[in-house]
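K.L.:
What follows is a structure written as structure tokens; I'll ask about it next.
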Amino acid sequence: MIRNNEAMTEPIFVTCEQARRFLIHAFALTGGLSLTSVDAVLDRLEFIQEDSINVCGRMHDLILRNRIVNYAPSLLHGALYQEPRTAFEYYFPNLCVLPLRDYPYFRGAMLSRRMPAGRWGGLTPEEEPVAKLLIEQIETNGPLRSRLTSVEHGHATSGWGTRAKVASLVLDKLWYQGHLTIAHRENFERWFDLAHRRFSHWESTELPQEDETIRYKLRKRLRAKRLFRLPKEALSILGASSFVPLRVESDSRPWYILAEDKEAFFENDARSNESDAVRLLAPLDPLIYDRERNRKIFDFDYTWEVYTPAEKRKWGYYILPILWKGRIVGRVDPKIDRASRTLLLHSLTMEKEMEKESDAVQAGPAIAEAIQELMIFLGATRIQLPKNLPKSIGGFLTD
């Protein structure tokens with residue numbers, strides 16, 4: 001750990017517009033699509049959040065399609081499961097795609113979870129024989145589908161508090177503890193294989209020291225946020241010189257960037273990165289993941305309501321915020337009906353700041369184009385429009 005004796009510099013005053021420009025550029029949402037691979041996205045974002053829900057495309061695909069030219073889910077599948085692999089899946093703290101270079105820094109956490117036995121740690125006496133049978137099955141027959149295993153051992157309560165087969169729970173534990181890895185997925189269902197088969201080089205690599213791992217992961221978390229409130233432990237771990245404090249307009253509490261981003265912050269301010277292109281942002285896109293930052297920097301109040309009871313939802317089940325010209329200007333609630341190949345728009349609303357007719361008219365064609373692109377990406381052939389479609393968009397979209 002670093003003993004911090006450095007004094008923090010005085011905050012630099014910046015505007016919300018400067019902060020927005022920096023974030024949009026840092027998260028690779030400026031202008032046209034410019035990145036060409038999953039690896040390039042991981043270099044910019046540090047990780048890609050995954051989620052199994054598939055309403056209008058899965059979370060990870062929605063994040064990637066906003067950044068990669070001609071993105072298709074097969075690109076992510078290749079990075080994760082085809083040799084030479086360049087990425088892996090693990091929790092940080094949610095389920096994420098991580099660059100393979102991070103593996104040694106997560107390997108220590110995997111090993112530490114092998115003891116003692118508990119909801120996620122170790123194996124209970126009842127679980128040990130099940131784990132032995134599962135590993136033997138994988139050694140003999142190759143990757144094992146998580147839902148179809150011949151090993152049966154009743155049901156138990158998972159680490160999430162849900163009921164599941166003991167065999168499934170043990171597979172999860174063996175993966176979480178680094179014995180297994182995800183060999184591939186089919187419709188997001190996991191197939192497990194032995195970790196040493198897939199990551200033989202990384203399994204034999206010497207683990208970083210604990211303090212190095214702590215520094216690495218903290219810096220990774222902060223770089224993934226780009227503009228953040230300073231965690232209490234950050235100064236003692238990374239030192240004051242690692243950060244640049246910012247005072248953003250009327251916000252009394254300081255925000256911070258990493259010192260390595262200072263030049264990019266103010267370089268980016270010297271040029272406009274506004275674009276007529278529209279991005280329909282995934283609910284957990286890194287640009288809008290921080291709800292407080294949304295309110296303070298983008299003047300945008302947003303909660304992902306997928307787990308909110310229907311009667312309590314304000315906006316909709318799977319709202320995609322609409323990014324246009326450096327602002328978040330609206331929300332769309334789409335759902336793909338695969339049977340009829342129809343993209344259903346449950347709602348499309350504009351923010352109050354778009355009430356100026358000139359802005360709404362200018363944004364309309366770009367928003368309509370973005371919705372049509374989403375329709376094509378999802379394999380739909382038509383769009384079903386909501387009843388109260390804004391006039392500025394209605395002229396560019398048809399059922």
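K.L.:
Nearest 10 degrees, 0 to 90: what angle lies between the long axis of helix 16-26 and the longest principal axis of the chain (Cα atoms)?
P.N.:
Compared with the principal axis, the helix lies near 50 degrees.
K.L.:
Let me ask something else. Which lysines, if any, have their Cα less than 18 Å from the Cα of Lys335, not counting same-chain residues under 8 positions apart?
P.N.:
Straight-distance partners of Lys335: Lys314, Lys387.
K.L.:
Now a separate question. Expected output is a single nm value to one decimal: the length gained when fully extending between Leu207 and Gln384, i.e. 0.36 nm times separation in residues minus the C-alpha distance. What is it? If you can, show how the numbers build up before the last one.
P.N.:
On the way: separation 177, 0.36 × 177 = 63.72 nm, distance 5.35 nm.
Result for the pair: 58.4 nm of gain on full extension.
K.L.:
Given labels modelled 7 Å from the Cα in the Cβ direction, how far is it in nm from Ser347 to Glu10?
P.N.:
Label at Ser347, label at Glu10, 4.6 nm between them.
K.L.:
Once both axes come from the Cα atoms, what is the angle between helix 103-112 and the longest principal axis of the chain, in degrees from 0 to 90, rounded to 10?
P.N.:
Helix 103-112 and the main axis of the chain meet at about 50 degrees.
K.L.:
At a Cα cut-off below 13 Å, give the aspartates and glutamates reachable from Lys352, other chains included and same-chain residues fewer than 8 away excluded.
P.N.:
Straight-line reach from Lys352, under 13 Å: Asp299, Asp301.
K.L.:
Would you work out if the chain is rounded, prolate or oblate? Take a ≥ b ≥ c from the square roots of the eigenvalues of the alpha-carbon gyration tensor; rounded if a/c is under 1.5, else prolate when a/b is larger than b/c, oblate otherwise. Write out the running numbers ahead of the final one.
P.N.:
Working: a/c = 2.08, a/b = 1.27, b/c = 1.64.
Because a/c hits 1.5 or more and a/b fails to exceed b/c, the chain counts as oblate.
K.L.:
Can you tell me the order of 92-101, 306-315 when each peptide is scored by its average per-residue count of other Cβ atoms within 10 angstrom, highest first? List each step's numbers first, then the result.
P.N.:
Details: 92-101: 16.7, 306-315: 10.7.
Averaged packing, sorted descending, gives the order 92-101, 306-315.
K.L.:
Let me ask something else. To two decimal places, what compactness ratio does the range 35-92 give when its Cα radius of gyration is scaled by 2.2 N^0.38 Å? Can you show the working numbers first?
P.N.:
Values: Rg = 10.8 Å, N = 58, 2.2 N^0.38 = 10.3 Å.
Scaled against compact globular proteins, the figure is 1.05.
K.L.:
Taking the Kirkwood radius as the inverse of the mean 1/r across Cα pairs, report the Rg/Rh of the range 227-325.
P.N.:
Values: Rg = 16.4 Å, Rh = 16.0 Å.
Looking at the range 227-325, the ratio lands at 1.03.
K.L.:
Plugging the Kirkwood radius over Cα pairs into Stokes-Einstein for the range 278-394, at a temperature of 20 °C and a viscosity of 1.002 mPa s, what D comes out in µm²/s?
P.N.:
On the way: Rh = 14.7 Å.
It diffuses with D of about 146 µm²/s by this estimate.
K.L.:
Within the range 109-133, what residues put their amide N at less than 15 Å from the label point 7 Å along the Cα-to-Cβ vector of Ile214?
P.N.:
109
K.L.:
Output the peptides 166-172, 191-197, 346-352, 25-31 sorted from most to least packed, where packing is the average of other Cβ atoms within 10 Å over each peptide's residues.
P.N.:
Values: 166-172: 22.6, 191-197: 18.7, 346-352: 16.4, 25-31: 20.3.
The most tightly packed comes first, giving 166-172, 25-31, 191-197, 346-352.
K.L.:
Okay, moving on. Structure shown: which of Lys132/Lys165; Lys296/Lys325; Lys165/Lys217 lie over 26 Å apart, alpha-carbon to alpha-carbon? Display every interim value, and only then the final one.
P.N.:
On the way: Lys132/Lys165 16 Å; Lys296/Lys325 18 Å; Lys165/Lys217 33 Å.
Exceeds cut-off: Lys165/Lys217.
K.L.:
Compute the distance from the alpha-carbon center of the range 278-332 to that of the range 91-119, in whole Å.
P.N.:
Using only Cα atoms to place each centre, the spacing works out to 29 Å.
K.L.:
Let me ask you something else. Can you give the charge dipole size of the chain about its Cα centre, rounded to the nearest 20 debye, using +1 on the beta carbon of Lys and Arg and -1 on the beta carbon of Asp and Glu?
P.N.:
Numbers: 56 positive and 54 negative charges, 114 e Å.
Magnitude of the dipole: close to 540 debye.
K.L.:
Then there is this: Between 0 and 90 degrees, rounded to the nearest ten: what's the tilt of helix 210-225 against the longest Cα principal axis of the chain?
P.N.:
It is inclined by approximately 30 degrees.
K.L.:
Considering only DSSP states other than H, G, I, E and B, which trypsin sites (Lys or Arg not before Pro) in the range 1-61 qualify as loop sites with at most 14 other Cβ atoms within 10 Å? It would help to have the intermediate numbers written out before the result.
P.N.:
Working: sites: Arg3, Arg20, Arg21, Arg44, Arg58; in loops: Arg3, Arg58.
Filter output for the range 1-61: Arg3.
K.L.:
If I model a spin label at Leu95 and Asp301 as a point 7 Å from the Cα along the Cα→Cβ vector, what separation in nanometres do I get?
P.N.:
3.2
K.L.:
Only sites in a loop by DSSP and with at most 10 other Cβ atoms within 10 Å count here; which GluC sites (Glu not before Pro) in the range 165-214 make the cut?
P.N.:
Numbers: sites: Glu186, Glu189, Glu203, Glu206, Glu210, Glu212; in loops: Glu206.
Answer in residue order: Glu206.
K.L.:
Ok, one more. Just flag the chymotrypsin sites (Phe, Trp or Tyr not before Pro) in the range 36-142 sitting in loop per DSSP whose Cβ has no more than 16 other Cβ atoms within 10 Å. Could you put the intermediate results ahead of the total?
P.N.:
Numbers: sites: Phe47, Tyr71, Tyr81, Phe88, Tyr90, Tyr91, Tyr105, Phe106, Trp120; in loops: Phe47, Tyr71, Trp120.
Taking the range 36-142 and a limit of 16 other Cβ atoms within 10 Å, the loop chymotrypsin sites (Phe, Trp or Tyr not before Pro) found are Trp120.
Coordinate-derived values only; no laboratory data. Because the structure is predicted, anything quoted here is derived from the model rather than measured. Ideal geometry is used to build each Cβ from the backbone, glycine not excepted, and the neighbour counts take in all protein chains shown.
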